[in-house]
Structures are given as C-alpha cells and as structure tokens.
1. Please go through the stretch B:216-256 and give me each residue that is in contact (Cβ under 8 Å) with a residue 24 or more places away in the chain and surrounded by 15 or more Cβ atoms within 10 Å (Cβ to Cβ), ordered by number.
2. Looking only at the stretch A:112-127, which residues are facing chain B (nearest Cβ under 7 Å) and free of Cβ contacts under 8 Å to residues at least 40 places away in the same chain?
3. What number of residues within the stretch B:272-313 satisfy the criterion of being farther than 30 Å from residue B:369 by Cβ and surrounded by fewer than 16 Cβ atoms within 10 Å (Cβ to Cβ)?
4. Which number in (1) crowded, with 17+ Cβ neighbours inside 10 Å; (2) farther than 21 Å from residue B:45 by Cβ marks the one condition that residue B:85 misses?
5. Is it the case that residue A:29 is buried (at least 18 other Cβ atoms within 10 Å of the Cβ), more than 19 Å from residue B:254 (Cβ to Cβ), within 14 Å of another protein chain (Cβ to nearest Cβ) and free of Cβ contacts under 8 Å to residues at least 40 places away in the same chain?
6. Looking at the stretch B:341-348, can you tell me whether even one residue there is assigned to a helix (DSSP H, G or I), out of contact with any strand residue (DSSP E or B) (no Cβ under 6 Å at 6 or more places or on another chain) and touching a residue at least 12 places away in the same chain (Cβ under 8 Å)?
7. I'd like to check something: does the stretch B:276-288 contain any residue that is assigned to a helix (DSSP H, G or I) and in contact with a helix residue (DSSP H, G or I) (Cβ under 6 Å, 6 or more places away or on another chain)?
C-alpha cells in the first residue's frame, strides 16, 4: 500500500524525522509519505545535523531526548549554521513539561509538540509552518501536496 | 517504707538539693574507697534516719579470692566491722544474693545476727551497689530502718526511697571510678570493661572539678558539632531525594508517553485508512483501542498532575484577571458539551467582584473541571456558575475571598460520600465510573490545586436535588493579605 520510493515524487517537499524510537519514527514517516512528502530519517542528534546539512530538508521533526547528541544541541547546531538556519525545526518530545518546551524554543526550535502527538496533528503543524515555502516550491514546479495525496489515495502514482 | 518516704520528703526541696550537692562534692573530692563508703553510709543514714548502715565492698582477699568486706557501720560513727567478710562463692549467703539481685532484698534475722547488727526494732534491707552499664554489683549497702520486725523473715522486697536510690547510684559510680572492681567473676569483669570502653554506654559522670567541667563542656561542644553535621547531611539528602523525585516523575511521564504515542498514532492512522480500508467491524475495534488509549493518557496525565502537586513541583504564575471573564471562557470552551447535554447552563456574576491575583491557568483548570463535572452528573435541569464576593458561612473573613460556585440539579452526593469525592480514584459509586466517564481524579486534582493557590473547594449537596461546588479563592496572594492585615491593625491603633 505505502511502498516508499516508487510512489514518492522526487520533487515533493522533504521532511527529516529524527527519533531514536523506531516505532514512532516509522509511524510519522509512513504518514507523511502517505500525504505526499519525501521523508528522511535520523536516529540521533549527530545524524540529524549531518542529514540536515547534506539533504537540506524543508523541515526537521526533532525528538529531544536522543542518544549521542540530544535534540536541543542538534537544533542549536542546525540554527547556528548559515546554510541550514532557515530549516524549520519542530520539537516533538515525550517531555510534556513547560520547562522542556522553554528550553526547546531557546535552542531555536520553531515550534514544540508534546507526545503523544497524533500524526495528523504533526501534519497540520507542518503545513502551518511550511505553507509559504510550499507555495514557493510550487512555483519552481513541484506538485502541491494536496495533488500528490489525492493521487495516492486514488491508488495512482 | 512509708516512714522512709515521709522522712525524705519531710524537708523543703531546697535543703535536699544543697544536701545532695554537698554529698556529691564530698564524694567526688574523696579518693579513698573506704572514705567514700563512709560518706555514703553517713548520708544515707541521715536521709533515712537509720541507726545502722553497713557498706560492704567487693575486695580481693590475700588468697586472691573475692570477698564482700564490711567497711562502715553503726550509728553516726565510722567504726569498722572487721568481722564482716563473706566469700563471694557462698552464693546462698543473703549478702551475696543481694549483690547479684536485680532488686533490693530484705535481710533475714540470722544474717543480721551474723553480721553483728542489733535486732533493736530495725528492719534491714540490702541494696546492691552498681555503676551504670555494669551487671555485677561492686558492693552491698545494708540499711536498717526503724519498723516493726516482720514475722516472716524471708527475702521479701525492700524498695529503697528515691533519695537512697540516688545516693546508691552516685556511690556506685564513684566507687567504680576509684578502682577496678576486682571482686566480680571473670566473665562479668570482661563485660564491665567492655561497657566502660564503649562510648555508647559510658556513664556520664558528674563533673567533679574545674577540669571535669571543662572536659564535659568540650564533650558537649563536640556532640553539638557532630549533630550539626548530621543535620546538614540530612538536609542535603532530603534535597537530593526531592530532586530525585521530580526527576523520577519527569522520566515516568516520558516513558509513558513514548509507547502511547505509537499506540495512538498507529491506531489513528488505521482509522484514517492510511493502511487501506478495513471492515466496519475492525474499524469499531480500532475505535475502542483509540478511546481506551486516550483514556489511559488522561489517567497518566492526572496521576502525574497529582504527584507533581504533592511533590510541590507545580510552578505557579501569578497574574491579575477577571473571574467573570474566566468563567465565560470556560463555558465557551465547553460549548459542545453544553449543547450535547441539553441542560440550561447560565452564569450569575455578582456586583463589584474585584480581579483575582493568582495563577490563571490553574484557576481555569479547576473551574473547567467543576463545570464539566456538573454537566456530566446532571441528567436534566440546569447548571449555574456564579461569581461573587465572600464565601458561604464565612462571616468576617468573607470579604477577603472571591467565590466561584457551580450549582447543578444533578444526582447529588450523600453526606457520607462528601469527603470521599476529593480522594483520588473516587467517584461516589464506583460502578458509575464507566457511564460517567473520567478518571475519578478530577476533584482530587482540583482540591489540591486550590490548596496550592491558597484557596479551597467546598461542597454542599442533597441527594436527588443537586450539588454546589464552590471554589473559594483569596483575592490576593497570601503574602499580600498578611501585609494588608498588618496595616489595618496599625490603623485601628491610631
């Protein structure tokens, strides 16, 4: 049903999903792909910084408690690099306390979502943040998200 | 006995104290065992008005065997009793028995005769001399008091008066200090040495000189320092425990949320058909996973809320806001619930209600909970939310509080259950938890939050008629209330 590469438009906007817990990562990946995004994955903060810089995604969905390098530090590095600083970073954390949210925003995250976060809620937040970028992507010839999703729902590539 | 007691309490307490002090001074200023024994005998004789007092101490004889040797006796003099020498191995001898007995014993007539005490209307009681922490006696004091000679001459109990007990203890302590108590059997000697070395059982001696006072002062100072250190360590430990507790709560929360995220997320995806269509039957089942997963999340949130409030880990943010606006906001947010309930929900805003200065979000959480509870437990009729100055039945204090009352025409709560509704996991009828939904933690959280804000929640109810839950909030934060009160008092004084 949702085989990744075959159905994904190579011009579709790219999202980097960072989470060390595979079940959660796969869930968001699958959902975002279903809705027409291209998705890259990272399992720790270091990998996240590296992929953000090499793949230049439109947005990063960043878990905060991560091995090797945590999400706060990874966000700081992404935002410190002139090349990657405009990438939207959405913190998505199982730490629901306001202190964590504050720290995340201080680190440079553009938004904060607490787990459990339903995939549709994440999608809504992403759309909210990416709308202007998406329209500019559309100008350069990338198909709009809705059209991709519609085609896939109809079972067409 | 009774005579003894009367004698010892017959004089004013001041005189007794100075008598005791004089005794101690003499006792601890004296370095010879025989002299100490005489002083002890004299003092006891005076206190009890006894005519005969014998002090027999345990001594090593020339042959190396321990004996009880009499030191002093008779009237006010210090005449030696060379005849009194009892072998410690003679365990049947009443004096040896007295030495080992836990309590004082009365001496039989033949022993009295044997140690040369006159039978002239006196009863003789033998008391063991011990120093603290020692099982074995280091001597025996025989006190003769005037009283009719009992017919029975057995080993009846002979309890000494408090003054005599005190004198015996002091005497024992001083004698123990002055020399090893060599006469005790070997096993007992070992124990006494050990007891003496161990700081826990070491007797606290009365200071006997300037040096002694200085020494005990130093010891007390050391104790104080050690105690301070202990307290400091405890404070640090408590702080660490509190930090560990909040860390634990944060971890718990995270550990619960991570798997729930996957459960709720995948279920939601399946319900949306991301993984393809399912039969209506499967969709219903998925719906149940979804609603139970969400319910579990609510419980976890509530339990963690309670834990946080109880651990004092709820940060409060103070602001000034209108309680009426807050109520309107709550009702607007609950509009879907209100519409579904078909109840008449209205507000009554009293005149001149001043703004509240407290944590707005927490206050809203409480009001939200009270109103949604009222709607939930009211099958038909109305819910009225009123805001007013003062509280029910509060008299003079009333003017300083603001009340937000939620009155419903619901099922009501019986008298016996009224305090229980604020306990965790309680809905009055446990079986009703399911039809009414919720975790049963709402009111428990509300009351704890209200307390944290310096307020309270009151409940009035009548079964079948309805309930009124009233949130009573101090209009100003506690500190300000105190300041205002102080200035008022000043104004009155003027």
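1. The answer is B:245, B:246, B:249, B:253, B:256.
2. If the condition is that a residue be facing chain B (nearest Cβ under 7 Å) and free of Cβ contacts under 8 Å to residues at least 40 places away in the same chain, then A:116, A:117, A:118 are the ones that fit.
3. Number of matching residues: 13.
4. Looking at each condition in turn, residue B:85 falls short on (1).
5. yes
6. Within the stretch B:341-348 (the criterion being assigned to a helix (DSSP H, G or I), out of contact with any strand residue (DSSP E or B) (no Cβ under 6 Å at 6 or more places or on another chain) and touching a residue at least 12 places away in the same chain (Cβ under 8 Å)), the answer is yes, since at least one residue qualifies.
7. So far as the stretch B:276-288 goes, yes, one or more of its residues are assigned to a helix (DSSP H, G or I) and in contact with a helix residue (DSSP H, G or I) (Cβ under 6 Å, 6 or more places away or on another chain).
For every residue, the table says whether it meets (1) touching a strand residue (DSSP E or B) at 6+ places or on another chain (Cβ under 9 Å); (2) within 14 Å of another protein chain (Cβ to nearest Cβ); (3) under 30 Å from residue A:31 (Cβ atoms).
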{"position": "B:237", "(1), (2), (3)": "no, no, no"}
{"position": "B:248", "(1), (2), (3)": "no, yes, no"}
{"position": "B:258", "(1), (2), (3)": "no, yes, yes"}
{"position": "B:263", "(1), (2), (3)": "no, yes, yes"}
{"position": "B:291", "(1), (2), (3)": "no, yes, yes"}
{"position": "B:301", "(1), (2), (3)": "no, yes, yes"}
{"position": "B:305", "(1), (2), (3)": "no, yes, yes"}
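The values are calculated or read from the model by the stated rules, or taken from the named source; none is laboratory data. It should be emphasised that the depicted structure is a prediction, and the values quoted were computed from it without experimental measurement. Neighbour counts run over all protein chains shown; Cβ positions are idealised from the backbone, glycine included.
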